[in-house]
Amino acid sequence: QVQLVESGGGLVQPGGSLRLSCVASGSIFSIYNMGWYRQAPGKQRELVATITSGGSTNYADSVKGRFAISRDNAKNTVYLQMNSLKSEDTAVYYCAAEISPTGSHRATFYWGQGTQVTVSS
């Protein structure tokens, strides 16, 4: 079994910062791309940022210059540093990763359970 568990969400004022973490655990052979998505009320889930196993990153235009994704391969962890937060960043943030479980060379896409980020004064 493979699990992704997020942490670090919460309530923050506009202009503030939060750091999300996501740890992958279980019977893992290899982790490939990792990323963060978000879903605001009444909207579709959207890509926020992704990072390859080699460290190449990609961001949604709406968060470029404010958010930074990083990962620690030794800890099977991906982070999302969110700065200069705006009310429109309010959403449930989901971690995602392409993982080959132990005994398989086929990558499967896994989702975390989500963590709420609320930006409000």
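Name the single residue that is surrounded by the most Cβ atoms within 10 Å (Cβ to Cβ) among those in segment 46-70 being touching a Phe, Trp or Tyr at 6+ places or on another chain (Cβ under 7 Å) and among the hydroxyl-bearing types (Ser, Thr, Tyr).
Per the stated criteria, the residue is TYR59.
How many residues does segment 44-71 hold that are more than 12 Å from TYR93 (Cβ to Cβ) and not in a loop (DSSP other than H, G, I, E, B)?
The first filter runs over segment 44-71 and keeps only residues more than 12 Å from TYR93 (Cβ to Cβ), leaving 44, 50-62, 64-66, 68, 70-71.
Applying the additional criterion that residues be not in a loop (DSSP other than H, G, I, E, B) yields 50-51, 57-59, 61-62, 68, 70-71.
Of the residues in that region, 10 qualify.
Is it the case, given these coordinates, that ASN73 is at pLDDT 95 or above, open to solvent by 50 Å² or more (accessible area, probe 1.4 Å) and over 15 Å from PRO14 (Cβ atoms)?
yes
Looking at segment 95-117, which of its residues are among the hydrophobic types (A, V, I, L, M, F, W, C) and assigned to a strand (DSSP E or B)?
Let us first name the residues in segment 95-117 that are among the hydrophobic types (A, V, I, L, M, F, W, C), namely 95-97, 99, 107, 109, 111, 117.
Selection gives CYS95, ALA96, ALA97, ILE99, PHE109, TRP111, VAL117.
Which members of segment 18-38 meet the condition of being open to solvent by less than 60 Å² (accessible area, probe 1.4 Å) and either touching a His at 6+ places or on another chain (Cβ under 9 Å) or closer than 22 Å to ASN58 by Cα (or both)?
The answer is LEU18, LEU20, SER21, CYS22, ALA24, SER30, ILE31, MET34, GLY35, TRP36, TYR37, ARG38.
With respect to SER25, is the statement that it is polar (S, T, N, Q) and assigned to a strand (DSSP E or B) true?
Against the criterion (polar (S, T, N, Q) and assigned to a strand (DSSP E or B)), SER25 qualifies.
So PRO41 fits all but one of (1) in a strand (DSSP E or B); (2) farther than 15 Å from VAL23 by Cα; what number is the exception?
For PRO41, the failing item is (1).
Scan SER100, SER87 and give me the residue that is surrounded by fewer than 15 Cβ atoms within 10 Å (Cβ to Cβ) and touching a Ser or Thr at 6+ places or on another chain (Cβ under 7 Å). Walk me through how you get there before you give the answer.
Numbers: SER100 fails: surrounded by fewer than 15 Cβ atoms within 10 Å (Cβ to Cβ).
Being surrounded by fewer than 15 Cβ atoms within 10 Å (Cβ to Cβ) and touching a Ser or Thr at 6+ places or on another chain (Cβ under 7 Å) holds for just one of SER100, SER87, which is SER87.
Does LYS86 count as within 16 Å of SER120 (Cα to Cα) and among the charged types (D, E, K, R)?
Judged against the criteria, LYS86 is a match.
The values are calculated or read from the model by the stated rules, or taken from the named source; none is laboratory data. Remember, it's a predicted structure, so these values are computed and weren't measured experimentally. Cβ sites come from the backbone with ideal geometry, for glycine too, and all protein chains shown count toward neighbours. Just so you know, the surface numbers come from the protein's heavy atoms only, side chains and all, with ligands and any DNA or RNA stripped out. Shrake-Rupley method; radii C 1.70, N 1.55, O 1.52, S 1.80 Å.
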